[in-house]
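*Asks:* Below are the structure tokens for one structure; questions will follow.
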2 protein chains.
Amino acid sequence: MTSTFHPIDPAALERLHAILGEEGLRTDEPARQRYGRDETEDLHFPPQAVALPATPDQVAAVMRLASELRLAVTPRGAGTGLSGGALPVAGGICLSVERLDKIRWIDRRDLSCEAEAGVITGHLQRQVEEQGLFYPPDPASGDTCLLAGNLAEDSAGPHSCKYGTTRRYVLSLEAVLPSGELIRTGARTRKDATGYNLTQLLVGSEGTLAIITAATLRLLPKPATTLVLVIPFPALDAAAAAVEEIFLAGFDPATCELMEAEALRAVGEVMVLPPGLVDQEAMLLVELDGEVADELLERAAAIADLVESLGAGEPLVAQDAAEQRRLWEVRSKIGEAVKHRSVYKEADTVVPRKALADLVRAARRAAADHGLTAICYGHAGDGNLHVNLLRGELPLEEWASRRDAAEEQLFRAVIDLGGTLSGEHGIGWSQKQLLPLAIDPPTLALMRQVKKAFDPLGILNPGKIFPDS
Amino acid sequence: MTSTFHPIDPAALERLHAILGEEGLRTDEPARQRYGRDETEDLHFPPQAVALPATPDQVAAVMRLASELRLAVTPRGAGTGLSGGALPVAGGICLSVERLDKIRWIDRRDLSCEAEAGVITGHLQRQVEEQGLFYPPDPASGDTCLLAGNLAEDSAGPHSCKYGTTRRYVLSLEAVLPSGELIRTGARTRKDATGYNLTQLLVGSEGTLAIITAATLRLLPKPATTLVLVIPFPALDAAAAAVEEIFLAGFDPATCELMEAEALRAVGEVMVLPPGLVDQEAMLLVELDGEVADELLERAAAIADLVESLGAGEPLVAQDAAEQRRLWEVRSKIGEAVKHRSVYKEADTVVPRKALADLVRAARRAAADHGLTAICYGHAGDGNLHVNLLRGELPLEEWASRRDAAEEQLFRAVIDLGGTLSGEHGIGWSQKQLLPLAIDPPTLALMRQVKKAFDPLGILNPGKIFPDS
């Protein structure tokens with residue numbers, strides 16, 4: 001792969017320097033090391049140079065140069081990705097958009113805003129909240145990740161249950177093509193049937209088609225009030241049935257998160273679980289939101305009745321913010337809890353919602369068949385569970401081979417259940433060899449044609465999404 | 001345009017006949033006349049042959065033949081389109097998907113279904129409603145239009161205000177490429193970050209990239225109860241302000257429809273208006289939906305208070321179904337009322353919601369500057385108003401030139417207001433020369449590259465979307 005690109009020679013470096021200035025170009029060893037990693041396992045591909053453009057025009061100038069000289073360019077947000085999408089696997093330039101960090105405008109009356117790709121997601125959320133507004137996408141890395149990565153991977157989090165993933169909020173994009181041309185997709189309107197929807201094609205394209213420099217986003221009014229229910233279940237199937245029934249009955253929860261037995265046990269090792277959750281087979285965390293607190297209380301009581309009829313234990317209910325945070329902690333401690341136990345690999349499985357219990361069983365079987373432990377938790381309302389396969393005490397080589405075999409077995413089962421390879425983490429580098437499990441040859445060939453239409457020279461984020469042939 | 005395609009000679013016709021059988025191929029004059037029109041003004045482009053495939057495999061076989069012989073193919077749903085997307089402007093084959101009319105499955109537990117592209121939208125809605133489910137997209141032509149056209153144009157209607165347009169419900173597509181290959185995009189899951197989102201690119205691509213043969217759709221539980229408020233306003237600006245405030249306050253209406261003074265007068269010519277609406281400058285029709293009737297009543301009372309503070313008259317409120325239908329009639333009679341007055345051209349304008357009043361004023365000015373009358377109404381909650389320009393007593397040629405000049409003036413104003421060329425009707429044939437107003441040259445060039453990636457021979461729905469150069 002690397003061989004098709006030109007290395008960055010001193011003349012190229014000088015031209016990059018002329019575009020980016022002192023602050024915008026780094027070739028020192030610490031920078032190369034840092035920008036050679038993301039949060040996907042222990043992978044490391046240091047770039048030759050790190051470009052830190054401060055304006056979309058600088059991005060465009062870098063891409064024009066890269067096109068002229070055939071330099072590989074790997075775009076990057078905060079490097080919090082979990083599928084290796086930002087790893088500069090072909091060397092060359094790592095182009096980080098972190099300095100494109102302006103919120104250009106927030107229009108309260110119109111419930112919209114425009115932000116550059118280097119804005120931290122959580123920062124944007126707090127800025128719009130100050131005006132009573134709400135930007136729902138809430139990946140776990142919200143306090144550090146950038147919009148750039150969220151747009152590249154169509155990121156989501158617990159609230160996508162009610163509010164959808166990042167793409168639902170994107171009205172229009174400003175982006176730089178591999179050729180260096182600046183495009184503007186979509187419009188600043190809530191509906192748009194004007195030409196091809198390049199906006200929705202670019203969202204989720206993992207930085208392989210264009211470098212997004214800014215996004216115009218739809219916002220919502222911030223719901224006035226929330227309520228959290230944590231529901232224990234003595235049986236996995238009862239929890240899965242409850243997920244289905246809660247949606248069928250029209251309760252429209254803001255979040256509906258599941259943790260199965262092993263996930264609860266793991267969290268119990270790093271914090272004191274509320275007594276009702278000890279030794280349970282599963283728990284659901286349901287958040288309701290709305291304008292009127294009493295309506296939420298009535299809805300919570302109706303949900304409690306419903307789940308009781310399905311065999312659930314007594315729900316814990318929290319109305320005030322501190323108590324809600326305390327209940328959320330059980331769910332949000334899981335990442336720390338898994339890391340506390342062992343090195344792990346996270347599979348971002350997603351199935352039709354009705355197949356949740358089967359998914360957990362398939363994960364346990366795939367792990368057990370290869371002598372591993374599986375911990376399952378995540379966004380049950382979306383059928384999207386993170387399956388963590390744990391290394392435990394295995395030596396490295398054995399772990400690698402067992403992990404890969406278990407993961408392939410798991411994803412084959414996921415496909416059989418009507419699911420696919422990623423709900424919110426993307427394919428990137430780490431999942432690309434599995435892609436043919438989910439996508440048939442003519443559809444995959446068409447995706448390659450689309451890639452060529454945007455990037456005829458193949459210089460942008462090479463080596464990603466498509467399996468090596 | 002026609003010159004680059006081969007005509008359908010007797011040998012080609014014989015091969016089409018072998019694929020499609022007696023029932024699947026028509027070349028008689030009535031068929032050619034009928035399939036040469038849609039509902040876009042008085043345009044007429046009869047195809048040489050009408051293909052009526054009964055299976056996706058037959059669609060694929062027709063496209064393989066068309067590729068081999070370079071025959072132009074124009075796909076068609078029910079022909080209810082309003083931008084000429086289904087007109088066979090290059091002659092050749094009109095390929096109607098009307099016989100692909102199976103609902104393949106409805107999965108109540110999973111809140112999803114799969115339907116072929118020839119299913120009538122309203123039929124699908126009734127079938128899922130029988131299971132307590134809800135498919136929200138509701139174009140005015142719902143009782144006759146096909147999913148095919150809704151997918152091609154990303155159709156919508158009043159309920160897109162709360163529920164979004166067709167694309168929000170599309171999980172996966174089965175489609176035939178111009179080459180005749182069958183592809184399957186997306187997955188049957190509520191989240192999917194697996195490869196490029198071809199699903200969302202195909203939705204809204206107006207039949208120019210592939211022929212959609214089936215769609216897997218997300219469904220919702222049917223809301224238990226609805227309530228309708230009709231609110232009269234003595235001033236347009238007050239109505240526009242009310243739209244903004246209703247959303248900012250978090251009322252999340254299912255629909256929020258506007259009719260301005262001329263639209264109310266026109267409807268008053270074909271039915272007896274409720275007394276409160278006579279001589280008003282605008283009315284809003286707000287539908288609320290939810291699970292608990294009392295909650296809707298409280299919300300309606302709060303909305304009434306809010307709009308009163310902005311200068312609205314006394315709202316009419318309807319809880320029972322018959323009374324709701326009666327209020328909806330004022331809005332739904334507008335199409336008939338405009339036709340009753342005169343021949344007209346409908347511009348599908350869309351702007352940021354806050355620019356609604358300015359949009360109405362711009363429409364009135366564009367009409368008046370060319371001696372025409374404008375009638376404005378539609379989906380205020382989405383900033384999407386249908387501006388009807390009326391011919392009145394003008395002779396044909398003068399009407400044509402004044403209409404075109406007024407429309408261009410209107411769309412230039414729409415763009416200045418941050419809007420674009422179509423909210424839900426598409427660009428098709430009738431708006432394509434305006435496209436450069438909304439889309440800059442590099443973005444348009446990229447769209448042409450995308451078209452080439454799907455359709456290198458240019459045989460599928462030629463002459464649409466892109467302006468003649």
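The values are calculated or read from the model by the stated rules, or taken from the named source; none is laboratory data. This structure is a prediction, so every number in the text was calculated from the model and none was measured. We place every Cβ from the backbone using ideal geometry, glycine too, and count neighbours over all the protein chains shown. When the accessible area is computed, the model is the full protein with side chains, heavy atoms only, and any ligands, DNA or RNA have been set aside. Shrake-Rupley method; radii C 1.70, N 1.55, O 1.52, S 1.80 Å.
*Asks:* Calculated FRET efficiency, B:Glu68 and A:Gln449, Cβ-Cβ r, R0 30 Å, to nearest 0.05?
*Replies:* FRET efficiency, B:Glu68 to A:Gln449: 0.95.
*Asks:* Quick check: the distance between the Cα centres of region A:432-469 and region A:274-334, to the nearest angstrom?
*Replies:* 43 Å
*Asks:* Report, by chain and number, residues whose modeled amide H sits under 5 Å from the one on A:Asp154, excluding near sequence neighbours (fewer than 5 apart, same chain).
*Replies:* Under 5 Å from the amide H of A:Asp154: A:Gly204.
*Asks:* Same structure again: Defining the label point at 7 Å along Cα→Cβ, can you sort the distances from A:Ala304 to the same site in each other copy, shortest first, in nm?
*Replies:* Spelled out, the distances from A:Ala304's label point are 3.4 nm.
*Asks:* Of the heavy-atom accessible surface of region A:103-221 (probe 1.4 angstrom), what whole percent is carbon and sulfur?
*Replies:* C and S atoms contribute 47 percent here.
*Asks:* If you take the accessible area of B alone, add that of A alone, and subtract the area of the pair, what total do you get in Å², probe 1.4 Å, to the nearest 100?
*Replies:* 6500 Å²
*Asks:* Okay, next question. Return, for the Cα atoms of region B:10-99, the radius of gyration and Dmax in Å, separated by a comma.
*Replies:* Rg, Dmax (Cα atoms, Å): 12.2, 36.
*Asks:* So, one more: What does the charge count near B:Asp110 come to, summing +1 for each Lys or Arg and -1 for each Asp or Glu among other residues with Cβ under 13 Å from its Cβ?
*Replies:* The answer is +1.
*Asks:* So what are chain B's ellipsoid semi-axes, whole angstrom, largest first, if each one is the square root of 5 times an eigenvalue of the alpha-carbon gyration tensor?
*Replies:* For chain B, the semi-axes come out at 38, 27, 19 Å.
*Asks:* Using the heavy atoms of the protein chains alone and a 1.4 angstrom probe, what is the accessible area of the protein assembly as shown per residue in square angstrom? Present the calculation step by step, with values, prior to reporting the outcome.
*Replies:* On the way: 33240 Å² over 938 residues.
The answer is 35 Å² per residue.
*Asks:* What is the mean projected area of the alpha carbon convex hull for region B:120-278, to one decimal in square nanometres? It would help to have the intermediate numbers written out before the result.
*Replies:* Details: hull surface 49.5 nm².
Result: 12.4 nm².
*Asks:* Specify the angular offset, from 0 to 90 degrees and rounded to the nearest 10, of the alpha carbon long axis of helix B:56-69 from the longest principal axis of the alpha carbons in chain B.
*Replies:* The angle comes out at about 60 degrees.
*Asks:* Stokes-Einstein D for region B:406-469 at 10 °C, 1.306 mPa s, Kirkwood Rh over Cα pairs, in µm²/s?
*Replies:* Working: Rh = 12.7 Å.
It comes out at roughly 125 µm²/s.
*Asks:* Which distance in nm do the two modelled labels at A:Thr225 and A:Gln433 give, with both placed 7 Å along the Cα-to-Cβ direction?
*Replies:* Here the modelled spin labels are 5.4 nm apart.
*Asks:* Just counting partner chain Cβ atoms within 10 Å, what average do the residues of peptide B:420-427 show around their Cβ?
*Replies:* Mean partner shielding for this stretch: 5.
*Asks:* Oh, and also: Counting Lys and Arg as +1 and Asp and Glu as -1, what is the net charge of the other residues whose Cβ lies under 13 Å from the Cβ of A:Arg402?
*Replies:* Summing Lys and Arg as +1 and Asp and Glu as -1 gives -4.
*Asks:* Select from region A:121-165 those GluC sites (Glu not before Pro) which occupy a DSSP coil region and have at most 14 other Cβ atoms within 10 Å, ordered by residue number.
*Replies:* A:Glu130
*Asks:* Can you tell me the dipole magnitude for chain A around its Cα centre, using point charges on the Cβ only (Lys, Arg +1; Asp, Glu -1), in Debye to the nearest 20? Walk me through the numbers on the way to the answer.
*Replies:* Details: 46 positive and 67 negative charges, 280 e Å.
Magnitude of the dipole: close to 1340 debye.
*Asks:* Another question, then. How tilted is helix B:293-309 with respect to the longest principal axis of chain B? Cα atoms for both, answer in degrees (0 to 90, nearest 10).
*Replies:* 70 degrees
*Asks:* Going toward the positive end of the dipole of region B:177-332, with +1 on Lys and Arg Cβ and -1 on Asp and Glu Cβ, which of B:Ala210, B:Leu284, B:Ile303 do you reach last?
*Replies:* B:Ala210
*Asks:* With charges set only on the Cβ (+1 for Lys and Arg, -1 for Asp and Glu), what does the dipole of region A:10-99 come to about its Cα centre, in debye to the nearest 20?
*Replies:* Rounded to the nearest 20 debye, it is 220 debye.
*Asks:* Say the cut-off is 27 Å between C-alpha atoms; which of A:Lys162/B:Lys102; A:Lys432/B:Lys191; A:Lys102/A:Lys432; B:Lys345/B:Lys464; A:Lys464/B:Lys452 go over it?
*Replies:* From A:Lys162/B:Lys102; A:Lys432/B:Lys191; A:Lys102/A:Lys432; B:Lys345/B:Lys464; A:Lys464/B:Lys452, over 27 Å: A:Lys162/B:Lys102; A:Lys102/A:Lys432.
*Asks:* Viscosity 1.567 mPa s, temperature 4 °C: give me the Stokes-Einstein translational D for region B:329-469 in µm²/s, with Rh taken as the Kirkwood radius over C-alpha pairs. Walk me through the numbers on the way to the answer.
*Replies:* Working: Rh = 16.2 Å.
The diffusion coefficient I find is 80 µm²/s.
*Asks:* If you put +1 on each Lys and Arg Cβ and -1 on each Asp and Glu Cβ, how big is the dipole of region B:185-310 around its Cα centre, in Debye rounded to 20?
*Replies:* 960 debye
*Asks:* So what is Rg over Rh here for the protein assembly as shown, counting just Cα atoms and using Kirkwood for Rh?
*Replies:* 0.96
*Asks:* If you don't mind, there's one more thing I want to ask. At a Cα cut-off below 16 Å, give the aspartates and glutamates reachable from B:Lys222, other chains included and same-chain residues fewer than 8 away excluded.
*Replies:* A:Glu244, A:Glu245, A:Asp252, B:Asp107, B:Asp110, B:Glu129, B:Glu130, B:Asp138, B:Glu287, B:Asp289, B:Glu291
*Asks:* Roll a 1.4 angstrom probe over the protein heavy atoms and tell me the percent of accessible area of region B:342-431 that is carbon or sulfur.
*Replies:* C and S fraction of accessible area: 47 percent.
*Asks:* Between A:Asp42 and A:Leu396, 0.36 nm times their residue separation minus their Cα-Cα distance comes to what?
*Replies:* Working: separation 354, 0.36 × 354 = 127.44 nm, distance 1.18 nm.
Going from the current span to full extension adds 126.3 nm.
*Asks:* Identify, among B:Ile246, B:Trp328, B:Leu198, the residue whose Cα sits farthest towards the positive end of the charge dipole of region B:187-345, taking +1 on the Cβ of Lys and Arg and -1 on the Cβ of Asp and Glu, with the dipole about the Cα centre.
*Replies:* The residue sitting farthest along the positive end of the dipole is B:Leu198.
*Asks:* Would you mind checking the tilt of helix B:321-332 against the longest principal axis of the Cα atoms of chain B, expressed as 0 to 90 degrees and rounded to 10?
*Replies:* In chain B, helix B:321-332 runs at an angle near 70 degrees to the longest axis.
*Asks:* Using a 10 Å cut-off around each Cβ of peptide B:197-203, what is the average number of partner chain Cβ atoms that fall inside?
*Replies:* Per residue, the number of nearby Cβ atoms from other chains is 6 on average.
*Asks:* So if we plug the beta-carbon distance of B:Arg325 and A:Asp320 into 1/(1 + (r/R0)^6) with R0 = 60 Å, what FRET efficiency do we get, rounded to 0.05?
*Replies:* Plugging the Cβ-Cβ distance into 1/(1 + (r/R0)^6) gives 0.85.
*Asks:* Any chance you could check region B:209-242 for residues losing 30 Å² or more of accessible area when the partner protein chains are in, compared with the chain on its own (1.4 Å probe)?
*Replies:* So the qualifying set is B:Pro221.
*Asks:* Ok, one more. First check a/c for region B:225-334, with a ≥ b ≥ c the square roots of the eigenvalues of its C-alpha gyration tensor; if it is under 1.5, answer rounded, and if not, answer prolate when a/b is larger than b/c or oblate otherwise.
*Replies:* In terms of gyration-tensor shape, oblate.
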